[in-house]
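The block underneath contains the structure these notes are about, expressed in structure tokens.
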Amino acid sequence: MPRATCRPVLVLAVVAALGAVVASLSSCLSWSNLWRKSRARLVASDVVYVDGSSDDKHRLDVWAPDGARGAPVVIFVHGGYWRSGDRHYFTPVTGLYGNVGVALGDMDVVTVVPSYRLFPTVATVEPMLDDLAAAIRWTHDHVADHGGDPDRIVLAGHSAGGHLLLQLVTAPEALASRGVERRWVKGVAPVSGIFDVVRATRQAEDELRRDLWQPLFGHDPEGWSPLRRLGAEAARTTPMLFLVGSRDYPGCLADFASARAALRDVEGSHAFFRTVPGRDHAELVLQAGTKDDEVMPAVAAFARAVTASSSSSAMIVPEPLP
């Protein structure tokens, strides 16, 4: 076949491929941000939150709405199975996690997005908790410089990020031993979190159990299972919002149901549960700020409600979630 007749076919193939890429990107806020108006801005980037550290994992970004003053604050922690992910996760393609900052900023919330050290760079979960506690301390000390109220801090995290935050909140010594006062944290919102490490370790495939679960959580999976500590004290001390997608991973759906069962009959509980219809594990964060987003409006409503009073003893029932 003459070479000239192949060129139109090649051009059509390239155009079709580019069209598919554009179509897939159009659902991500990183693409629509090219023309989307937003009041949220990246007001601080690559901020070192561990004094003297040169590790890029000890850096965070801050997003804030224009003119923010005394705004509620969400510290959003990425997922990635404790071994991958970052605050700049494939930003040109997915927009994460700037999408979260933009989405919450448009709802008058200041957002802090930290990176943190991961397995196997660190051998256990403890250094991850150290990093997140340091990010909370930094936020409490500095967020007022960016329009946030240090007395209105809420924690939110996706997947493994949700596990780490619930681990901090449900173990009283975990915060105190790391220099974080419990009263600083007004609420926690795990999104598709992993709460039962015992179950997950038991059900994991042999290779994954050998290469991740056992070295990371050691021989005490129960100690790393915040589900086992959900009870009266945890439920009354810190308001909680649990979110999951109806098409999420079976393990996340099981842990969501177990958390709801554990907290259902706790008198005075301030735990709230929402299943987002039609969403899978990744879509819950990939759709942040888009017309299909149901997670960030719920997180913003929760943050506004539980921080409406600066009194550390006040337990506020959130406004109806959108």
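The values are calculated or read from the model by the stated rules, or taken from the named source; none is laboratory data. The model shown is predicted, which means the values in this text are computed figures rather than measured ones. With ideal geometry, Cβ positions are generated from the backbone for all residues, glycine too; neighbour counts draw on all protein chains shown.
Points to keep in mind about this one:
- Restricting segment 112-124 to residues that are among the polar types (S, T, N, Q) and surrounded by fewer than 18 Cβ atoms within 10 Å (Cβ to Cβ) leaves a set whose member that is modelled with the lowest pLDDT is T124.
- Any hit, segment 269-279, residues being within 21 Å of G101 (Cα to Cα) and either of a type in the set (D, E) or in a loop (DSSP other than H, G, I, E, B) (or both): yes
- Annotation: of all residues in segment 55-105 being in contact with a Lys or Arg (Cβ under 6 Å, 6 or more places away or on another chain) and closer than 15 Å to S38 by Cα, the one that is surrounded by the fewest Cβ atoms within 10 Å (Cβ to Cβ) is D66.
- Verdict on V102 being assigned by TED's automatic domain parsing to the domain that holds H219, touching a residue at least 24 places away in the same chain (Cβ under 8 Å) and in contact with a helix residue (DSSP H, G or I) (Cβ under 9 Å, 6 or more places away or on another chain): yes
- Among residues of segment 164-181 that are farther than 18 Å from D255 by Cα, those with a beta-carbon under 7 Å from a residue that is among the polar types (S, T, N, Q) at least six positions away or on a different chain give the pairs A174/Q167.
- Of the residues making up segment 98-136, those that are farther than 27 Å from L212 by Cα and touching a Phe, Trp or Tyr at 6+ places or on another chain (Cβ under 8 Å) number 9.
- S177 loosely packed, with under 15 Cβ neighbours inside 10 Å and among the hydroxyl-bearing types (S, T, Y): yes
- Residue check for R236: modelled with pLDDT of 90 or more and either part of a strand (DSSP E or B) or among the basic types (K, R) (or both): no
- Residues of segment 125-171 that turn out to be crowded, with 21+ Cβ neighbours inside 10 Å, outside any helix (DSSP H, G or I) and either modelled with pLDDT under 95 or in contact with a helix residue (DSSP H, G or I) (Cβ under 6 Å, 6 or more places away or on another chain) (or both), as a count: 6
- Pair list, Cβ < 8 Å and 6+ apart or interchain, from segment 259-281 residues that are among the small types (G, A, S) to residues that are part of a strand (DSSP E or B) and surrounded by fewer than 19 Cβ atoms within 10 Å (Cβ to Cβ): A259/F273
- Filtered residue count, segment 283-296, keeping only those that are closer than 13 Å to S159 by Cβ and touching a strand residue (DSSP E or B) at 6+ places or on another chain (Cβ under 9 Å): 4
- Among the residues of segment 255-275, those identified as over 23 Å from the mean Cα position of the chain (by Cα) and surrounded by fewer than 16 Cβ atoms within 10 Å (Cβ to Cβ) are R264, D265, E267, G268.
- Which listed residue is among the β-branched types (V, I, T), farther than 19 Å from D145 by Cβ and at pLDDT 75 or above, from V21, V77, V47: V77
- All conditions in (1) touching a Leu at 6+ places or on another chain (Cβ under 8 Å); (2) under 22 Å from T124 (Cα atoms); (3) not polar (S, T, N, Q) hold for V188, with the sole exception of (2).
- Close pairs (9 angstrom Cβ cut-off, 6 or more residues apart or separate chains): in contact (Cβ under 8 Å) with a residue 60 or more places away in the chain in segment 49-60, in a loop (DSSP other than H, G, I, E, B) and loosely packed, with under 14 Cβ neighbours inside 10 Å anywhere: D55/T121; K57/T121
- None of P322, P297, P318 is within 16 Å of the chain's Cα centre (by Cα), surrounded by fewer than 19 Cβ atoms within 10 Å (Cβ to Cβ) and either modelled with pLDDT under 95 or not in a loop (DSSP other than H, G, I, E, B) (or both) except P297.
- Search result, residues across segment 172-198 that are among the aliphatic types (A, V, I, L, M) and outside any helix (DSSP H, G or I): V180, V185, V188, A189, V191, I194
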